[in-house]
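**Q** Encoded as structure tokens, here's the structure I'll be asking about.
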Amino acid sequence: MSLVHARGHQVARIADLSGDAPLSTLKSRSEVPAGDTWDLTPIFADDSAWESEFSDLASRYEGIHAFKGTLGKSAADLAAVLIFESSLDRSTERLAQYAGLRLSEDSSNADALDRDGRLSSLCAKISEACSWVAPEIQEISDATFETFLDDPQLADWKTSLQRLRRLKPHILSNKEERLISLSMPAIGGHHETFSQLTNVDMTFGTVRNDRGQEVELTQSSFSSLLQRPDRSVRKEAFDKFYTEFTAHRYTLASSLANSIKADVFLAKARHYPSAREASLFPDNVPVAVYDSLIEAVRSRLPVLHKYYALRQRVFNLPDLHVYDTYAPLVAAVQSDVPFDEAIEKVLQSLHPLGAEYTETLGRGLREERWCDRYENKGKRSGAFSYGTYQAPPYILMNYKQDVFSDIYTLAHEAGHSMHTWYSRSTQSFQNYHYPIFLAEVASTFNEILLTEHLLAETKDRSMRAYLINRQIDDLRGTLFRQTMFAEFEKISHAAEESGAALTLESFRKMYRQLLDTYFGSGVVIDEELELECLRIPHFYSAFYVYKYATGISAAITLADQVLKTGDTERYFGFLKSGGSKFPIETLAEAGVNMGSPEPVNAALALFERRVAELEELLAEPITN
């Protein structure tokens, strides 16, 4: 595996589905004005320039073999292979960014599909060709390795080499590594089974929405339908959705069980104490951080239960089911905000970060065309930021000026993009790539500043209630729900490690206990919801979801620091650090101690305060 991962920063977000335009009203890509699209010429001038770089990379990557057997001879020899490998990674990153963005413009474009497919094939060959580098570095004796690290020729690579060396106790012999590599398609087969079953084979029928339209029920539309104000629509969507999952429950349970077994097997094979510790090890995150998150959130569950009680009162329901907990308490505000005005609102909210930040972002969104603004036929849905070391941090949007939440989406993706901009401006190529643990901090930070700005500038009660309700539901979904998921991953993997059987019934039982705890006695838990644990894709990449909860907690602490003190130095230190340090250390230097419960408690305190504010605002009916 390459020492440097040339993937760039691509972080996606699902857009508000309720504002989707009918396909017939969408422009084809060729009809979209150039000013509304991103300018990709900083990556490659045109497709032919991409082809030239692709051909060059394909012709030279096998040169890596010339270095084989030399890495332990001298620091100069080790530096030589790292420089060569870095040149491959830089080319791969540029090629991947351009190919990915062009494909996102129109997924039906044959040329874009061909580029993407050929690059994927070439990357697999490069990965195989470079696979010997990391094992050979691990074979260097400890004394020699320490001597190499002190050599000026390896100064720029010291952090990367130290991180790789940490893995040495968990690297197996060449024969064992080869066996694991050969077996991975079989070991990971459950993931493909889950994907094919849930995305291809399963069909959910249709639901008549509150406008009397028949809507196809899918994995994507399910969440949108749960947000409809008509309870009968929510209930019908829930019932039909879980009827299909019930029909496949044993297959899904078997697939999830095998995913957990694979995690445990690989952890044992690599001599980790547990699957959870194996997952946390690369980021050097202590298990205590994970456990402290769960403990802190559990201690404040009564506030969440209070919010559910408020929902039941406002909706005037005889009882509250889980499918009633997603519909907004306050109707979305009527919005007519053109994109350029949305840029201005976002920039105004980010004023506390100073001129360099806002001027750079404003110039990128306006003159330099970082953002592909509107929906067109074949364009990828949702939104993402895709930044690399050698090109602008591009943003894909499907902006609709009558969907107010799209302003938040712009602020969110701008946070990712500026994180990348500062990281690449400060760090070397091998150190600029910040880890997923930090990825959501800067984006959520921007959303918090936007909320505070909008609340400060409005006296309209309905707008204030909408903004507060929106932040409450963001915190509920990111902090409480993801922590419940994290606790399920902990419990289910511990069960496998203790020798307990992982069956449909055992999954239902452990998940039901969590549902009862997190939703409380005031919410009716339909029996079908016990199957929710079988449909969460993140459970097939275990011990990932906790990062959403820690990320929003860190963002709230950082935003509070900036807004209260006006001191941005530590926050910019965070943005500029990239991947030069482990994430816990990066946040600690920014003033966020994730080893303590304080950041999570600060987020929970904000949730409690917002619930109290919303309760007061809704004491009298709000009319839009």
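**Q** I'd like the full set of residues that are under 29 Å from Thr503 (Cβ atoms) and surrounded by fewer than 18 Cβ atoms within 10 Å (Cβ to Cβ), limited to the stretch 197-217.
**A** Leu197, Asn199, Val200, Asp201, Met202, Thr203, Gly205
**Q** Select from the stretch 596-624 the residues that are in a loop (DSSP other than H, G, I, E, B) and either within 22 Å of the chain's Cα centre (by Cα) or acidic (Asp, Glu) (or both) and list them in ascending order.
**A** Passing the criteria: only Glu620.
**Q** Mind listing whichever residues of the stretch 57-88 are in a helix (DSSP H, G or I) and either in contact with a Lys or Arg (Cβ under 6 Å, 6 or more places away or on another chain) or exposed (fewer than 12 other Cβ atoms within 10 Å of the Cβ) (or both)?
**A** Ser59, Glu62, His65, Ala66
**Q** Can you name the residue in the stretch 348-389 that is surrounded by fewer than 17 Cβ atoms within 10 Å (Cβ to Cβ), modelled with pLDDT of 95 or more and polar (S, T, N, Q) and, of all such residues, is farthest from Ser417 (Cα to Cα)?
**A** Ranking the candidates gives Gln348 first.
**Q** Next question. Report whether or not Pro392 is modelled with pLDDT of 95 or more, more than 26 Å from the chain's Cα centre (by Cα) and either assigned to a loop (DSSP other than H, G, I, E, B) or of a type in the set (Gly, Ala, Ser) (or both).
**A** no
**Q** For the subset of the stretch 425-459 comprising residues that are touching a Pro at 6+ places or on another chain (Cβ under 8 Å) and in a helix (DSSP H, G or I), which member is modelled with the lowest pLDDT?
**A** Among those that are touching a Pro at 6+ places or on another chain (Cβ under 8 Å) and in a helix (DSSP H, G or I), it is Phe437.
**Q** Tally time: how many residues in the stretch 272-321 are assigned to a helix (DSSP H, G or I), touching a residue at least 12 places away in the same chain (Cβ under 8 Å) and either touching a strand residue (DSSP E or B) at 6+ places or on another chain (Cβ under 6 Å) or of a type in the set (Lys, Arg) (or both)?
**A** Selection size over the stretch 272-321: 6.
**Q** So which residues in the stretch 532-570 are surrounded by fewer than 22 Cβ atoms within 10 Å (Cβ to Cβ), of a type outside the set (A, V, I, L, M, F, W, C), part of a helix (DSSP H, G or I) and more than 15 Å from the chain's Cα centre (by Cα), if there are any at all?
**A** Glu532, Asp560, Gln561, Lys564, Thr565, Glu569, Arg570 - these are the residues of the stretch 532-570 that are surrounded by fewer than 22 Cβ atoms within 10 Å (Cβ to Cβ), of a type outside the set (A, V, I, L, M, F, W, C), part of a helix (DSSP H, G or I) and more than 15 Å from the chain's Cα centre (by Cα).
**Q** What pairs come up if the first residue lies in the stretch 500-525 and is of a type in the set (Asp, Glu), the second is modelled with pLDDT of 95 or more, and their beta carbons are under 7 Å apart, counting only those six or more places apart or on different chains?
**A** Note: pairs meeting the criteria are Asp516/Ile525.
**Q** Would you mind stating whether Ser160 is over 27 Å from Pro537 (Cα atoms), touching a residue at least 12 places away in the same chain (Cβ under 8 Å) and outside any strand (DSSP E or B)? Walk me through how you get there before you give the answer.
**A** Working: over 27 Å from Pro537 (Cα atoms): yes; touching a residue at least 12 places away in the same chain (Cβ under 8 Å): yes; outside any strand (DSSP E or B): yes.
Yes.
The values are calculated or read from the model by the stated rules, or taken from the named source; none is laboratory data. Bear in mind that the values here come from a model prediction, so they are computed numbers and not experimental data. Heads up, the Cβs are rebuilt from the backbone with ideal geometry, glycines too, and the neighbour counts pull from every protein chain shown.
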